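As structure tokens, the structure follows; a few thoughts come after it.
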Amino acid sequence: IRLRVAPEVRLADRVVQGRPEGYVLQIAPAEVVITGFDEPGLFYGGVTFLQLLRTDMQLQPDRPAPCGTIVDWPAIGRRIVSLEHPHHISPGKTFNDPLTIDFLRSWVNRYVAGLKANVFRWSTGAVVQFASRPEFNDSSKPYTLEDMASFAEYCRDRFIDLCPTMQVGGHALHWLLPFHPELRETGYHQQADVLHPEHDKIVYACFEDVLNALKPRYFSTAGDEWWHS
């Protein structure tokens, strides 16, 4: 198996010019050559080869992947996978999957890196143990800020940009209001009163913890469905 990064690949019948995050995977009986047009492309070529090894298309017992050439690059620059994980935590609710950082890495390896996506939008408000606002921390919060920092490195190693999401306004019930019910807007179950004099001080401190741990390129306050219930 040969791994290389190059601006173009010469095939038998043509020259393939490089494109961002693209690759050429050449499988022959004697060798496999994976050429990335850049480092992400090389990574995605490796992902494709491993997927071929895991399929049932074993044409011969001594050749676990079919021979051939794959030329591939993404049609969309920002490819997003969104995980609401797990913002509907409530007393008595259980999950089949373990809420550990190791499980999250495994999930991202399969469903983000494994799908060649490069942006992971992650609902973080209900799952983090905040340093600056310890009143939020209880046994339902599976991830420390140290866990999040190591997870961010894991994503960067797989060319994934993190986009943490923390709901402001309409879905504040998922993380803010159970711990600060005084911030609920009168007459609404899930709506936070963003004009409350304490709202920004509390919420921005939590934002800062997450931003300092993950150092993300993107950040979302969501902001959907205000005054919806």
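The values are calculated or read from the model by the stated rules, or taken from the named source; none is laboratory data. Please read these numbers as outputs of a predicted model, since none were measured by experiment. Don't worry about glycine lacking a Cβ; one is built from the backbone with ideal geometry, like all the others, and counts go over all protein chains shown. Heavy atoms of the whole protein, side chains included, go into the accessibility calculation; ligands, DNA and RNA do not. Shrake-Rupley method; radii C 1.70, N 1.55, O 1.52, S 1.80 Å.
If the Cβ limit is 6 Å and pairs must be 6+ apart or interchain, which residue in region 129-152 that is under 17 Å from Lys215 (Cβ atoms) pairs with which residue that is of a type in the set (Gly, Ala, Ser)?
Ser132/Ala205; Leu145/Ala131; Leu145/Ala213; Met148/Ala213; Ala149/Ala213
From Cys155, Cys163, Cys206, which residue is modelled with pLDDT of 90 or more, under 16 Å from Gly125 (Cα atoms) and either open to solvent by less than 10 Å² (accessible area, probe 1.4 Å) or β-branched (Val, Ile, Thr) (or both)? It would help to see each step written out before you state the result.
Numbers: Cys155 fails: under 16 Å from Gly125 (Cα atoms); Cys163 fails: either open to solvent by less than 10 Å² (accessible area, probe 1.4 Å) or β-branched (Val, Ile, Thr) (or both).
Answer to the check: Cys206.
Which residue, of Phe130, Phe95, is modelled with pLDDT of 90 or more, assigned to a loop (DSSP other than H, G, I, E, B) and among the hydrophobic types (A, V, I, L, M, F, W, C)? Reasoning before the result, please.
Working: Phe95 fails: modelled with pLDDT of 90 or more.
Exactly one of Phe130, Phe95 is modelled with pLDDT of 90 or more, assigned to a loop (DSSP other than H, G, I, E, B) and among the hydrophobic types (A, V, I, L, M, F, W, C), namely Phe130.
Taking interchain pairs and intrachain pairs at least six residues apart, which have beta carbon atoms under 7 angstrom, with the first residue in region 8-22 and free of Cβ contacts under 8 Å to residues at least 40 places away in the same chain and the second part of a loop (DSSP other than H, G, I, E, B)?
Glu8/Gly18; Gly18/Pro7; Gly18/Phe37
For region 166-203, which residues satisfy the criterion of being open to solvent by 40 Å² or more (accessible area, probe 1.4 Å), among the aliphatic types (A, V, I, L, M) and touching a helix residue (DSSP H, G or I) at 6+ places or on another chain (Cβ under 9 Å)?
Scanning region 166-203 gives a single hit, Val194.
If I filter region 112-119 for residues that are of a type outside the set (A, V, I, L, M) and either open to solvent by 60 Å² or more (accessible area, probe 1.4 Å) or assigned to a strand (DSSP E or B) (or both), do I get at least one hit? Give the steps one after another, and end with the answer.
Initial filter on region 112-119 (of a type outside the set (A, V, I, L, M)): 114, 116, 118.
From the residues that got through so far, the ones that are either open to solvent by 60 Å² or more (accessible area, probe 1.4 Å) or assigned to a strand (DSSP E or B) (or both) too are none.
No, region 112-119 contains no residue that is of a type outside the set (A, V, I, L, M) and either open to solvent by 60 Å² or more (accessible area, probe 1.4 Å) or assigned to a strand (DSSP E or B) (or both).
Sort out which residues of region 1-36 are outside any strand (DSSP E or B), open to solvent by 10 Å² or more (accessible area, probe 1.4 Å) and closer than 23 Å to Pro66 by Cβ, and write them in order of number.
Those that are outside any strand (DSSP E or B), open to solvent by 10 Å² or more (accessible area, probe 1.4 Å) and closer than 23 Å to Pro66 by Cβ: Ile1, Leu11, Ala12, Asp13, Arg14, Ala28, Pro29, Ala30, Glu31.
Please find, within region 49-75, the residue that is modelled with the highest pLDDT out of those that are exposed (fewer than 15 other Cβ atoms within 10 Å of the Cβ) and within 17 Å of Gly114 (Cβ to Cβ).
Ile70
Of the residues that make up region 37-44, is at least one modelled with pLDDT under 75, at negative phi and either loosely packed, with under 12 Cβ neighbours inside 10 Å or of a type in the set (Lys, Arg) (or both)?
First pass over region 37-44, keeping only residues modelled with pLDDT under 75: none.
No, that holds for no residue.
Kindly indicate which of Leu183, Leu162 is under 11 Å from the mean Cα position of the chain (by Cα) and under 22 Å from Thr221 (Cβ atoms).
On the way: Leu183 fails: under 11 Å from the mean Cα position of the chain (by Cα).
None of the other options fit; the residue is Leu162.
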